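Visitor: Quick one: the structure is below, and I'll ask about it shortly.
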Amino acid sequence: MLPKMVSLWPLTLICFLAFSVSITHSKTLKRDVKALNEIKASLGWRVVYAWIGDDPCGDGDLPPWSGVTCSTQGDYRVVTELEVYAVSIIGPFPIAVTNLLDLTRLDLHNNKLTGPIPPQIGRLRRLRMLNLRWNKLQDVLPPEIGELKKLAHLSLSFNNFKGEIPKELANLPELRYLYLQENRFTGRIPPELGTLQNLRHLDVGNNHLVGTIRELIRIEGCFPVLRNLYLNNNYLTRGVPAQLANVTNLEILYLSYNKMSGVIPTAVADIPKLTYLYLDHNQFSGRIPNALYKHPFLKELYIEGNGFRPGVDPIGAHKVLELSDTDFLV
């Protein structure tokens with residue numbers, strides 16, 4: 001038996017070498033090569049100087065382009081991640097990006113992109129993270145974003161988007177983090193967002209939004225896993241409804257700088273893990289429920305700039321809760 005086993009070694013070695021050669025020389029899909037070279041031609045020198053050669057995935061002698069991640073699918077390599085941020089890219093959103101159909105991450109944050117997000121963005125069906133914050137993008141959001149069914153992280157904050165927040169965002173079953181703050185959105189926050197079963201963080205602060213919290217949470221069983229709700233610096237009116245206690249996973253509730261009024265219901269103290277409650281600079285009145293002062297998790301209660309009765313005291317020291325880049329890891 002031993003001679004027969006030894007005789008198999010040459011064949012095994014040949015197969016291994018053939019497999020290794022096939023991986024080493026797998027070609028980058030022409031579609032992706034064409035798209036990335038179109039993007040390269042439209043970008044500024046800060047990116048282009050690091051993108052050497054014609055193959056974004058590298059050709060053996062040259063490494064992959066900076067910020068480009070590729071993977072092998074069958075006989076070809078495809079681009080799965082494009083992360084080109086904080087390099088002062090100037091100009092419109094590069095529409096050729098929407099031809100990279102295998103992208104799972106697209107990060108172009110902290111550049112100087114202008115104009116709208118093209119409706120072709122809906123072609124990126126495998127996208128899990130889209131980060132365009134800190135640009136100069138504008139116009140309305142295309143409803144086609146609602147076609148990105150695998151999207152878990154969406155950050156469009158610190159731009160100049162306008163119009164209403166599209167209700168099609170509620171068609172993203174995997175969405176966990178939604179950042180829309182510091183734009184020019186108007187109208188009401190779609191209550192359909194409450195149907196997102198995985199949404200943990202919703203930030204629509206610093207816009208021009210109107211409406212009430214009661215309208216936002218009107219769908220039964222809404223926001224089942226939401227932890228952080230930022231509604232600050234808008235034009236929301238009326239009071240905090242007792243039904244908010246049904247959003248049982250809330251930890252941060254940020255209502256500062258709106259036009260809300262009325263008394264704070266005792267039911268708010270029934271939110272079991274409420275940690276930060278910002279009510280400042282509204283038109284609230286009456287007293288703060290004693291139950292909030294006894295809440296086991298509440299670290300900060302900020303109440304300045306309201307019409308509360310004398311003797312109502314804050315809890316903790318107010319601070320701005322900042323977002324770190326680690327929150328964008330998928």
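The values are calculated or read from the model by the stated rules, or taken from the named source; none is laboratory data. None of these values were measured; they are calculated from a predicted model. All Cβ positions, even for glycine, are placed from backbone atoms using ideal geometry, and neighbour counts span all protein chains on display. Side chains included, ligands, DNA and RNA excluded: accessible areas come from the protein's heavy atoms. Shrake-Rupley method; radii C 1.70, N 1.55, O 1.52, S 1.80 Å.
Visitor: Which pairs have Cβ atoms under 6 Å, sit 6 or more apart or on different chains, and link a residue in the range 112-129 that is closer than 17 Å to V84 by Cα to one that is among the aromatic types (F, W, Y)?
Guide: L113/F93; I117/F93
Visitor: Just for the range 122-138: of the residues that are of a type outside the set (A, V, I, L, M, F, W, C) and under 14 Å from the mean Cα position of the chain (by Cα), which one is nearest to L151 (Cα to Cα)?
Guide: Going residue by residue through the range 122-138, those that are of a type outside the set (A, V, I, L, M, F, W, C) are 122-123, 125-126, 128, 131, 133, 135-136, 138.
Subsequent filtering for residues that are under 14 Å from the mean Cα position of the chain (by Cα) retains 128, 131, 133.
Values: R128: 4, N131: 11, R133: 16 Å.
Within the range 122-138, the match that is nearest to L151 (Cα to Cα) is R128.
Visitor: Could you check the range 84-98 and list, in sequence order, the residues that are of a type in the set (S, T, N, Q) and either in a loop (DSSP other than H, G, I, E, B) or farther than 23 Å from V140 by Cβ (or both)?
Guide: Just the residues of the range 84-98 that are of a type in the set (S, T, N, Q), to begin with: 88, 98.
Selection gives S88 alone.
Visitor: Among the residues of the range 133-146, is there at least one that is within 25 Å of K30 (Cα to Cα) and open to solvent by less than 20 Å² (accessible area, probe 1.4 Å)? Give the derivation first.
Guide: Pass one, the range 133-146, residues within 25 Å of K30 (Cα to Cα): none.
The answer is no, given that none of the residues of the range 133-146 is within 25 Å of K30 (Cα to Cα) and open to solvent by less than 20 Å² (accessible area, probe 1.4 Å).
Visitor: I'd like the full set of residues that are surrounded by 19 or more Cβ atoms within 10 Å (Cβ to Cβ) and not in a loop (DSSP other than H, G, I, E, B), limited to the range 221-244.
Guide: N228, L229, Y230, L244
Visitor: A further question follows. Output the residue which, of all residues in the range 153-171 that are in contact with a helix residue (DSSP H, G or I) (Cβ under 9 Å, 6 or more places away or on another chain) and not in a loop (DSSP other than H, G, I, E, B), is most open to solvent (accessible area, probe 1.4 Å).
Guide: K167
Visitor: Does any residue of the range 192-201 turn out to be closer than 27 Å to H109 by Cα, touching a residue at least 12 places away in the same chain (Cβ under 8 Å) and part of a strand (DSSP E or B)?
Guide: Looking for residues that are closer than 27 Å to H109 by Cα, touching a residue at least 12 places away in the same chain (Cβ under 8 Å) and part of a strand (DSSP E or B), one finds at least one in the range 192-201, hence yes.
Visitor: Here is a further query. Please verify whether the range 178-185 includes one or more residues that are over 24 Å from L274 (Cβ atoms) and assigned to a loop (DSSP other than H, G, I, E, B). Break it down stepwise before answering.
Guide: Initial filter on the range 178-185 (over 24 Å from L274 (Cβ atoms)): 182-185.
Now restrict to residues that are assigned to a loop (DSSP other than H, G, I, E, B): 182-183.
Within the range 178-185 (the criterion being over 24 Å from L274 (Cβ atoms) and assigned to a loop (DSSP other than H, G, I, E, B)), the answer is yes, since at least one residue qualifies.
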